[in-house]
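Notes to accompany the following structure.
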Amino acid sequence: MNILGKLSINALPHDMVTLGGAMMMIVAIIFGIFYVTYTKRWSWLWKEWITTTDHKKIGVMYIFVSIIMGIRGFADVVLLRTQQATSVGASHGIVSANHFQQIFSAHGVIMIFFVAMGFLFGIVNLVLPLQIGSRDVAFPFLNATSFWLFAAGMVLMNASLIIGNFTYAGWLSYPPLSELKYSPGVGVDYWIWSLQIAGLGSLFSGINFLVTIIKLRCKGMALMKMPLFTWSVFGTMSLVILAFPILTVTLALLYLDRTIGTHFFTASGGGNMMMYVNLIWSWGHPEVYILVLPAFGIFSEVVSVFSRKRLFGYRSMVLAIWAIVFLSFIVWLHHFFTMGAGVDVNAFFGMMTMIIAVPTGVKIFNWLFTMFRGRIKFNASMIFFLGFIFLFTLGGVAGVMMAVPAIDYQLHNSLFLVAHFHTMIVSGVLFGDFIGVMYWFPKIFGFKLIDVYGRVAAYLWIIGFVVAFGPLYILGLMGATRRLDHYPAYTGWQPLFIVAGVGVFIIALAVLFQFIQLIVSYRKRNDNIDITGDPWDGRTLEWSTSSPPPFFNFAILPEVSNRDDFWEKKQRGLNSNNKEYTDIEIVKNTPIAMYIGSAACLFGFSAVWHIWWLLILSLIAVIVFIMIRTTDEETEYILTASKVAEIDKKVQWKI
Amino acid sequence: MDIETPQIISDWREHAAEVKVYIVGFALSILLTLTAFVITIAHILSGWEIVAVLIFLALIQLFVQLIFFFHIGSKAQSKWNLYIFLFMIMIVSILVIGSLWIMTNLNSKMMPTTKQMIQYMNSQGAAL
Amino acid sequence: MEDIDTQIQEAPKYDKTDDTIVFGFWIYLMTDCVLFAALFAVYAVLHNNTFGGPSGSQIFSPHYVLIETLALLSSSFTCGIGLISAYNMQKNRVIGWFSVTFLLGVSFVIMEIVEFAHLINVGNSFKRSAFLSSYFTLVGTHGLHVTVGLIGMLILMIRIYTKGLTKSSVRRLTLLSLFWHFLDIIWIFIFTIVYMMGIA
């Protein structure tokens, strides 16, 4: 038995493109290390970020990771589009078929698990406790652990670029292709463990946020007085806690098949690979609603504030969230209509799929009714939002088309499908998350982003998206299958692929403008300081704090009596700071969360490479760290009332 | 956490039940387990009947343990525990029943095995 | 501020932290239910795929399973009694009842390991067929949970023995009991669906 399991020098990259990618990543990491060392910021990094349990900092870290991974996911896009625009007839493009398959698999995993989920948990972390008038989430240490598990999954994924390879079986790695027989390398194992570990982080966050909403709302905030964003998080986390265990099981079973020889999904031994597809989509469908519901929540907040009008139809919005939550559990078969189920089964799920468009439609109408007769501010956020309305409706209609099994038989796994889901995720999830970041940026960092760059970015995103994905809708209807690394010239598809490539270029420009927005805004931050803490004349509680809020959020916990209570108080000219300061219990910083994440990462790595002694050691390490934490009697410290008062008075107020 | 008001909710004792409750729960559970056991090994039922009876007994024991050991729905427990529990049961039922429906449907449409083919052809008059 | 880790003399108080933690643990248990439900779904779909190997009726021993079941059920009962003792500040009774719970739990796990070892020895391991894969995984996952619970129980007993019944210990006993009862409920379904239906 080799002490390093399956690991050997052969695991390093073989071809130029992979080598290039790996080198860029290593250079970036080295650059990062040098930069921090040069600016002597290691102790700052350790004290302020790595050991933090503050939800606001954790949120920033999530978003930082998302952006980094977004760059990698986008690099994948450039490779994919270039390949498909050039690999026609005699030419075979820029990457091999096997490599192409790894790239689209990695692209999907990165974008969904590390970009979208990262933004989601990031924004929820930043905003939720502030919106409900709480000092932090219910379990701050668990929150930190969730982040470090997420980071561990990210590290594993990136490690696969340097040592070994990634799955080539798609972002969901169906068996039998993902079974040992047809994927004998470590790619699928990397996929399994980066998802499993990051997924565990997600599950813990789901529990954390759910308890936070149910138990930590400030006095007077009854359920029907919560902001819509909070409601959407409530629905989302209910989905998370019920869907993620299914993923945990499915990934574990695949790993067992690959490692100890079980026969869950194998071609022989009585395995049933269709069960994998069934299970993975039982998780997979709720997952896409997990991604989009918080974005819907963000829209509700932002549209109301930038239309300077109360959200239309609060009650129906809440009901729509729960309708979506429930329905999202009974549509999953629409992802495999063509797997061979009978008419009755397909028809049922087809009908349910069409029905789920209804509550979404209710939401869209309510946002539009909110805008009607409002005093609308057409800033970057609203332009992104209008882009969402336009694109999401079209993409959604494409989805309703495919909800008809007979039509889906033509369009399943075509580029029409690819265009549909990208439309939903980009215009729904991604635009929503962009808006969320721009909207809450001043709250967290104390200065506003310069809007003009955001507006340019928004227009470029919308136009770029249409140019990049419009051709894909057409190609799909023409019969083009997804995931093709090469196609014959007689299809006549190449011009459309080239147009799609141009679209990606336009999107790249949009992303460039977003980076410019961040960098220039940072440079000019002193010109755009948020003095009042309420830069948008907001409606919800988070705007009643300073920008940034003190680390304990509220010196005195608020008491509310209405929906949009902060807005109501502003209209009546009330100043709520009349109570006395009290002592506050704060959770201390701790490195244990990061240690647990690191040990988990090591565990995943050894599971991938079959380094069994390291696996056991890292598992023991995790257990030891947990025990250290649970036997620690001094995990919190007291911030005395006078200290609280001191910090609070330093803050500049102007209501 | 604001420690000016310790926010004591109650005594832990209010969350416990009396020993009596546990004894009743224990006794009922044993009874149900033994009933299921005896019916099974006696082989007096088969097919759908035994499945139905066994599931029925299991569900009753589930209720017994939920009420007597978990105190679900009792005053001492938050209503939220019950709501989340019921929501979970609903989703779990959808998952299990849905998967069974889908997979049985799919499996029935798979190509027959050689053995099944031969059996079928023989039943139609071939002599394989 | 009350030091949460000194021996409490009067009836333990249940405050907002306890409430939040117990509730959070309850939600975790709900997620564990979904995990087991997925394993049950897999078992239900694959239990007839014996691939020429043995089926349930050929490998399950009803009396053996009954003893296992009664052991676990009894341990769930003794756990409940132990918890009541904790709420009544009776440290020695707590250790007593939970020791019994521990022993019953260990017997359960040993019986299960013996059953698994026997099956593997005669060639009916989890590699034999999809049925056996799903059987070993479902029952094995439950056994793993029980083992983790036993380790937790041991550690907690040691703490209570050395430090007495503190506020955090009472809360942890509550969590442990919830976990333990939950495992017995899952076993009801394993007993019924895997063993009884397999034998019938």
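The values are calculated or read from the model by the stated rules, or taken from the named source; none is laboratory data. On a predicted model such as this, the values are computed, not experimentally measured, just so you know. Cβ atoms come from the backbone with ideal geometry, glycine included; neighbour counts cover every protein chain shown. Areas reflect the complete protein model, heavy atoms only, side chains present, ligands, DNA and RNA absent. Shrake-Rupley method; radii C 1.70, N 1.55, O 1.52, S 1.80 Å.
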Report summary line: By residue number, the members of the stretch A:221-240 that are more than 10 Å from A:ASN562 (Cα to Cα) and not in a helix (DSSP H, G or I) are A:PRO227
Report summary line: Flagged pairs (Cβ under 8 angstrom, 6 or more apart or on separate chains; first in the stretch C:1-23, within 17 Å of C:GLY164 (Cα to Cα) and modelled with pLDDT under 80; second of a type in the set (Asp, Glu) and open to solvent by 20 Å² or more (accessible area, probe 1.4 Å)) are C:ASP3/A:GLU633; C:ILE4/A:GLU633; C:ASP5/A:GLU633; C:ALA11/B:ASP11; C:PRO12/B:ASP11; C:LYS13/B:ASP11
Query raised in the report: What single numbered condition from (1) open to solvent by 30 Å² or more (accessible area, probe 1.4 Å); (2) over 30 Å from A:ALA267 (Cα atoms); (3) in contact (Cβ under 8 Å) with a residue 60 or more places away in the chain fails to hold for C:ARG128?
Result: (2)
Query raised in the report: Looking at A:THR52, is it surrounded by 20 or more Cβ atoms within 10 Å (Cβ to Cβ), among the β-branched types (Val, Ile, Thr), under 27 Å from the mean Cα position of the chain (by Cα) and at pLDDT 95 or above?
Result: yes
Query - Residues satisfying the stated conditions in the stretch C:182-199, i.e. within 12 Å of the chain's Cα centre (by Cα) and at the interface with chain B (Cβ under 7 Å from one of its Cβ atoms) - result: C:ASP184, C:ILE185, C:ILE188
Requested in this report: Restrict the check to the stretch B:105-119 and report whether at least one residue is closer than 30 Å to A:ASN272 by Cα, open to solvent by less than 50 Å² (accessible area, probe 1.4 Å), within 15 Å of the chain's Cα centre (by Cα) and within 7 Å of another protein chain (Cβ to nearest Cβ).
Outcome: no
Requested in this report: Six or more apart or on different chains, Cβ under 6 Å: which pairs go from a residue in the stretch A:191-209 that's within 14 Å of chain C (Cβ to nearest Cβ) and over 26 Å from A:PHE166 (Cα atoms) to one that's open to solvent by 10 Å² or more (accessible area, probe 1.4 Å) and not in a helix (DSSP H, G or I)? Could you list them?
Outcome: A:ASN208/A:ALA138; A:ASN208/A:PHE139
Query raised in the report: Among the candidates B:GLU49, B:GLU4, which residue alone is open to solvent by 60 Å² or more (accessible area, probe 1.4 Å), away from chain A (no Cβ under 14 Å) and modelled with pLDDT under 95?
Result: B:GLU49
Report task. Please find, among A:VAL608, A:VAL651, the residue that is closer than 30 Å to A:SER304 by Cβ, more than 14 Å from every other protein chain (Cβ to nearest Cβ), β-branched (Val, Ile, Thr) and open to solvent by less than 50 Å² (accessible area, probe 1.4 Å). Result -> A:VAL651
Query - From the options C:LEU83, C:LEU39, C:LEU66, C:LEU70, residue that is at the interface with another protein chain (Cβ under 8 Å from one of its Cβ atoms), open to solvent by 30 Å² or more (accessible area, probe 1.4 Å) and touching a helix residue (DSSP H, G or I) at 6+ places or on another chain (Cβ under 9 Å) - result: C:LEU70
Query - Qualifying residues in the stretch B:75-104 (those that are without any contact (Cβ under 8 Å) to a residue 40 or more places away in the chain and among the small types (Gly, Ala, Ser)) - the one farthest from A:MET275 (Cα to Cα) - result: B:SER78
Query raised in the report: Right, C:SER133: out of contact with any Cys (no Cβ under 8 Å at 6 or more places or on another chain), within 11 Å of chain A (Cβ to nearest Cβ) and hydroxyl-bearing (Ser, Thr, Tyr) or not?
Result: yes
Query raised in the report: Can you tell me how many residues in the stretch A:438-460 are touching a Gly at 6+ places or on another chain (Cβ under 9 Å) and open to solvent by 20 Å² or more (accessible area, probe 1.4 Å)?
Result: 3
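Considering only residues that are open to solvent by 20 Å² or more (accessible area, probe 1.4 Å), outside any helix (DSSP H, G or I) and not charged (D, E, K, R), which ones fall in the stretch A:491-546?
Matches in the stretch A:491-546: A:GLY492, A:TRP493, A:ASN528, A:ILE529, A:ILE531, A:THR532, A:PRO535, A:TRP536.
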Requested in this report: Please indicate, with yes or no, whether at least one residue in the stretch A:286-302 is within 14 Å of chain B (Cβ to nearest Cβ), assigned to a helix (DSSP H, G or I) and open to solvent by 10 Å² or more (accessible area, probe 1.4 Å).
Outcome: yes
Report task. State yes or no: is A:ALA252 open to solvent by 10 Å² or more (accessible area, probe 1.4 Å), in contact (Cβ under 8 Å) with a residue 40 or more places away in the chain and within 23 Å of the chain's Cα centre (by Cα)? Result -> yes
Report task. Return the residue satisfying two criteria in turn: it lies in the stretch B:65-104 and is in contact with a Gly (Cβ under 7 Å, 6 or more places away or on another chain) and at the interface with another protein chain (Cβ under 7 Å from one of its Cβ atoms), and of such residues it is surrounded by the fewest Cβ atoms within 10 Å (Cβ to Cβ). Result -> B:GLN65
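Kindly indicate the residue of the stretch C:67-103 that is among the small types (Gly, Ala, Ser) and over 18 Å from the mean Cα position of the chain (by Cα) and also modelled with the highest pLDDT among those meeting that condition.
That would be C:GLY96.
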Query raised in the report: Out of the stretch B:94-126, which residues are touching a helix residue (DSSP H, G or I) at 6+ places or on another chain (Cβ under 7 Å) and of a type in the set (A, V, I, L, M)?
Result: B:LEU95, B:VAL96, B:LEU100, B:ILE102, B:MET103, B:LEU106
Query - Search result, residues across the stretch C:157-181 that are within 16 Å of the chain's Cα centre (by Cα) and open to solvent by 10 Å² or more (accessible area, probe 1.4 Å) - result: C:ARG172, C:THR174, C:LEU175, C:LEU176, C:LEU178, C:PHE179
